[in-house]
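Each reported figure results from applying straightforward, stated rules to the coordinates on display, with no laboratory input. Since the model is a prediction, treat every value here as computed from it, not as a measurement. Cβ atoms come from the backbone with ideal geometry, glycine included; neighbour counts cover every protein chain shown.
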Amino acid sequence: MAGNLWACLDNQAVIKRTLNPLSPSLSSQAITDEVRALLETWEREHQGKRAALKWVPGHAGVAGNEEADRLAGAAARLFPPFNCTVTVAAGSRWARRMVEKDFKQWWGAQKQNPEKMGLPEPSTGSLTKMSRLCWGRLLAARSHHGDFEKYHKAWGHPEAERRCQCGARKTPIHTFTCQRLPGAHSLRYYRGRPMDLESLITTKEGEECIKVWEDKYFKN
Ligand SMILES: [Zn+2]
């Protein structure tokens, strides 16, 4: 019957990275993922037992650790890295991919409020090129934090105007449906196809539609 499994490491940063799947680790993500998976599999196969990483001081004469150090050194000399040059462009592309991957993992682990609308697939790529004013409207509509009736009620703003000048209640969606908005009808179509309000507010296509609308009615 096996006891608990302790894998001893003398590098605290590596331990932290391995234990936290969301921590940024550009160069060794695949290895830390693999170690984490191995520890989890071992625990599943040995019910009631723990598999964990433990820190031990490096170069302090801990027998197993000194031996592991010696073997790692020998292995590194045995298999010199090949093809280890990389162009700046390829390196930047790779770093961007890693950041994007970490960001998506982090985003996926965040608690989503079911009352709020869904959001487009997270990306670290460039933002749709519309004005800060439009982005402000859109982010307010997505987050429900803005000049909205419900928001003022929730935060107790008795002096805030809760109705739009058109007479309608100020809702996140009303931001994009108000009849006073120039060209409001063009927010209901994108590239000849009808655009529903939720898609307008929560998708990348919606962002494009808002950009086209802004370019048409607010520039020049
Ligand atoms: Zn209105």
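Kirkwood hydrodynamic radius, computed over distinct alpha-carbon pairs, for region 43-158: how many Å, to one decimal? After inverting the mean inverse Cα-Cα distance, the result is 21.0 Å. Of all lysines in the structure, the ones whose alpha carbon falls short of 16 Å from that of Lys211, not counting any fewer than 8 places away in one chain, are Lys129, Lys219. Annotation for region 139-186: GluC sites (Glu not before Pro) lying in DSSP loop with at most 12 further Cβ atoms inside 10 Å of their Cβ are Glu159, Glu161. A Förster radius of 45 Å, combined with the Cβ-Cβ distance separating Ala13 from Ser143, puts the computed FRET efficiency at roughly 0.85. Segment Leu119..Val62, full-extension length gain: 15.4 nm, with 0.36 nm per residue of separation and the alpha-carbon distance subtracted.
With kT/(6 pi eta Rh) evaluated at 37 °C and eta = 0.692 mPa s, and Rh the Kirkwood radius from Cα pairs, region 1-106 diffuses with a coefficient of 202 µm²/s according to Stokes-Einstein.
Run through the DSSP bridge list for the chain and note the antiparallel percent, rounded to the nearest 5. About 40 percent, rounded to the nearest 5. The equivalent ellipsoid that matches the C-alpha gyration tensor of region 37-82 spans semi-axes of 28, 17, 8 angstrom, in descending order. For region 85-146, the pair-distance distribution built from all alpha carbon pairs, in bins 5 Å wide starting at 0, is 3, 14, 16, 20, 17, 14, 7, 5, 3, 1 percent. Across region 132-218, the volume of the C-alpha convex hull divided among the residues equals 95 Å³ per residue. Take the alpha-carbon centre of region 48-64, take the same for region 149-208, and report the distance between them in whole Å. Each part reduced to its Cα centre gives a spacing of 58 Å.
Think of each Lys and Arg Cβ as +1 and each Asp and Glu Cβ as -1; about the Cα centre, that makes the dipole of region 132-218 roughly 100 debye. Report summary: the helix-based calculation at 222 nm, which adds -39500 (n - 2.57) for every DSSP H run with n ≥ 4 and divides by the residues of the chain, gives -14500 deg cm²/dmol. Normalised by 2.2 N^0.38 Å, where N is the number of residues, the alpha-carbon radius of gyration of the chain equals 1.57.
Split the chain at each of the chymotrypsin sites (Phe, Trp or Tyr not before Pro) in a DSSP loop with at most 12 other beta carbon atoms within 10 Å, and the longest piece is 1-81. Remark: the chain carries a charge dipole of roughly 880 debye about the Cα centre, counting +1 on each Lys and Arg Cβ and -1 on each Asp and Glu Cβ.
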